[in-house]
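Shown next, in structure tokens, is the structure this report addresses.
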Amino acid sequence: MRRSPGGVGDGLPATPSGEPLLARWFAVAMAVLVVVGVGVTIWAALSIRTTDLEPAARRPPGTATETHLRGQAALGEDRSEETGVACVPDVRLVGDQGARDAARRALSTACQLLDRDEQDGGLEPARAGLELLDDVGGAIGFALFEATGLDSSTRLVDGVPFVELNPKFQFENSTLAAPFLLHELAHLGAMDWPGQAVDVADELRALEVQVRACDLLVLPENPPRGCLDAEAVLEDPDPEAALERAGYEHGAE
């Protein structure tokens, strides 16, 4: 029997001097793991490359009942509701206490931006949308989107608009969600959605509202990517063509 140093016979392969050798199965397993690791690294690099989309494509078009396609969405188990935001007393805030508090801050900030912009009028489409959301008792909450890069979307729940915000705003700085909330409200204010998918003109209008809100909001050194994306689309030599490439269509004349 081969013995390891010290004279202990453990049954494992060893050199003539008694030093243990790795079992063949172990060496093969390690080689396979190395190959798998290299494969995963390559796959991850390719995945990052495929997510490097044009700014317009990071906010995809939706349907007649969903402003922007977000894939499956995971909502928190707690669906508690409360109302009482001064500027819109009938808008419902949905989620656990933390989510409702964050939604309240985002909504209150949006109302403050509307007040600051009252003379300029750049946020007027969103103002109309906010009034409609309040009139019908619409809701605001946070949802984890399958399309993780999407900042916001609105869908119909029992015929009533439910504005869904990316949960990153809940856990980082909920006031930064205000421009994206106003983006969704601009769609509501246009009175075209729901009933037909957001088209090129609708999205351009909402992006203008969003950029105006981003400008009014005191942003950190690194503003939300969505603000930069909206600016990039509007500064494109042909914004309509950029949205067309992202899948948006022109509405009926």
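If you check Leu133 against the conditions, is it surrounded by 21 or more Cβ atoms within 10 Å (Cβ to Cβ), in the same structural domain as Ser174 (by TED's automatic domain parsing) and in contact with a Pro (Cβ under 7 Å, 6 or more places away or on another chain)?
yes
Looking at the range 107-164, which of its residues are among the hydrophobic types (A, V, I, L, M, F, W, C) and more than 21 Å from Gln72 (Cα to Cα)?
Leu107, Ala110, Cys111, Leu113, Leu114, Leu123, Ala126, Ala128, Leu130, Leu132, Leu133, Val136
Would you please name the residue that is surrounded by the most Cβ atoms within 10 Å (Cβ to Cβ), looking only at residues in the range 156-178 that are of a type in the set (Gly, Ala, Ser) and modelled with pLDDT of 95 or more?
Restricting to residues being of a type in the set (Gly, Ala, Ser) and modelled with pLDDT of 95 or more, the top hit is Ala177.
When you scan the range 191-214, do you find a residue that is aliphatic (A, V, I, L, M), in contact with a strand residue (DSSP E or B) (Cβ under 8 Å, 6 or more places away or on another chain), crowded, with 16+ Cβ neighbours inside 10 Å and within 22 Å of Gln72 (Cβ to Cβ), even just one?
yes
If Arg24 satisfies every condition in (1) out of contact with any helix residue (DSSP H, G or I) (no Cβ under 8 Å at 6 or more places or on another chain); (2) at pLDDT 90 or above but one, which is the exception?
In the conditions (1) out of contact with any helix residue (DSSP H, G or I) (no Cβ under 8 Å at 6 or more places or on another chain); (2) at pLDDT 90 or above, Arg24 misses (2) alone.
So which residues in the range 49-89 are assigned to a helix (DSSP H, G or I) and more than 27 Å from Met191 (Cβ to Cβ), if there are any at all?
The answer is Arg49, Thr50.
The values are calculated or read from the model by the stated rules, or taken from the named source; none is laboratory data. Predicted model only: the values in this text are computed from it and were never measured. All Cβ positions, glycine included, derive from the backbone under ideal geometry; neighbour counts span all protein chains shown.
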